[in-house]
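Okay, structure first, notes after.
Computed from the coordinates by the stated procedures, all read-outs in this text should not be read as laboratory data. Please read all numbers here as calculations on a predicted model, not as lab measurements. A quick note on method: Cβ atoms are made from the backbone with ideal geometry, for glycine too, and the neighbour counts reach across all protein chains shown.
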Amino acid sequence: MTNIRLPRAVCAVVAQVLRGSHTPLDSLFLTAGAPGPPPSLSHANKWKDWLFRAGNDPNVDSLSVLGNVLEEFMDIGPMEGSEDFAGWETNRDRVVQVLEENGFRYYRGGRVLPTGQTPEEVQPFPVISGHPGPTKPAEIDELLEILLKGLRRAMHPLTHRRKGAQALSFSTEYDVQDLLHALLRPWVADIRPEEFTPSYAGSSTRMDFLLPKHKVVLELKFVRDRTHAKKIGDELIVDIDHYQRHPDCNHLWCAVFDQDHLLPNAEGLKTDLEGQRSTKDGSVHVRVLVL
């Protein structure tokens, strides 16, 4: 991870070209990797201060955050000839200019690099000598965290496809589960979707994904509306009670996909459910990610 201070001029221009209300831009910054929580500032100051803070946090890859924030704006403009195109083109050129003036360059796909460095020099994982591609993360937990936190970015090229190709939508739990399944398959050989748990309280339930070699279960919840948001915690409590009875479930990853920010208390949900959960019937370590 490399943290590089982001000049205030860069932060200011990026903040000026972004469009949207607080909720979608909060989501953009958080999924881009900006350190939370969001600053409690006005719309005029919030985004530039948040970027500047990312550039001063030693635990943040500031250029990755900047590239992720800019990706959709830079790569997907209005239709050429439309009334919005000229304004977008002007703002895009402003971003390119301020980056170059401060020693950076933007590359398609959300990559911002120091001037003189090319994308080919950047590797997402260490490369073994003589091996042409990236190596697998050392631990299953590392892999799952990368894939789950990257779901929104993985959706982007599928929802904004090239000219003439039909865009995909991710409007249901099954849509997101299928994407996660596809991302897992190159890395995990044995993936068992919809495996039943042992019966508990007169019923059993289906796991979204069981990875038996790693004794891991993945459960993905899609928040449909405000009423459903209030029930997510209760649903996960029931799931945990079922899963801790399964002989191949030592670790449970609960990913809650809350694209419209409907959960009333996401941090409280994580605090209440995460950690080791044990009863006389079994034990499971629970990890909760709110996406």
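Karplus-derived 3J(HN,Hα) values for region 170-178, using 6.51 cos²θ - 1.76 cosθ + 1.60 with θ = phi - 60°, are 10, 10, 9, 4, 5, 4, 6, 4, 5 Hz; glycine and proline are entered as x.
Whole-Hz Karplus values for region 271-277 come out as 4, 6, 9, 6, x, 7, 10 Hz, taken residue by residue from phi with 6.51 cos²θ - 1.76 cosθ + 1.60 and θ = phi - 60°; glycine and proline positions read x. Shown here is the pair-distance distribution of the chain: with all Cα-Cα distances grouped in 5 Å bins from zero up to the longest one, the shares run 1, 5, 10, 13, 16, 15, 13, 11, 7, 5, 2, 1, 0, 0 percent. Excluding same-chain residues fewer than 8 positions from LYS231, which lysines have a Cα within less than 18 Å of its Cα? Within reach: LYS221, LYS270. Against the longest alpha carbon principal axis of the chain, how many degrees, from 0 to 90 and to the nearest 10, is the axis of helix 232-243 turned? Roughly 50 degrees, rounded to the nearest 10. The calculated 222 nm mean residue ellipticity attributable to helices in the chain amounts to -12500 deg cm²/dmol, summing -39500 (n - 2.57) over DSSP H runs of n ≥ 4 and dividing by all residues. Around the amide H of PHE209, modelled in the peptide plane, lie the amide H atoms of GLU194, LEU218, all under 5 Å away and 5 or more residues distant in sequence or on another chain. Net charge within 10 Å of VAL14 by Cβ-Cβ distance, Lys/Arg positive one each and Asp/Glu negative one each, not counting VAL14 itself? The answer is +2. Between helix 43-54 and the chain there is an angle of about 70 degrees, using the helix long axis and the longest principal axis of the Cα atoms. The alpha-carbon positions of region 8-121 define a convex hull whose volume is 110 Å³ per residue. Electrostatic tally near VAL286: other residues with Cβ closer than 9 Å to its Cβ, Lys and Arg +1, Asp and Glu -1, net +1. Listed by chain and number, the aspartates and glutamates whose C-alpha is less than 18 Å from the C-alpha of LYS280, apart from same-chain residues fewer than 8 away, are ASP239, ASP241, ASP248. Near SER64: Cβ cut-off under 13 Å, other residues only, Lys/Arg at +1 and Asp/Glu at -1. The net charge is 0.
As a footprinting exposure proxy, order SER40, SER27, SER62 by other Cβ within 10 Å, with the fewest listed first. Mind showing how you got there, number by number?
Numbers: SER40 6, SER27 18, SER62 25.
Arranged by neighbour count, lowest to highest, SER40, SER27, SER62 become SER40, SER27, SER62.
Neighbour counts of other Cβ atoms within 10 Å put LEU143, LEU28 in the fewest-to-most order LEU143, LEU28.
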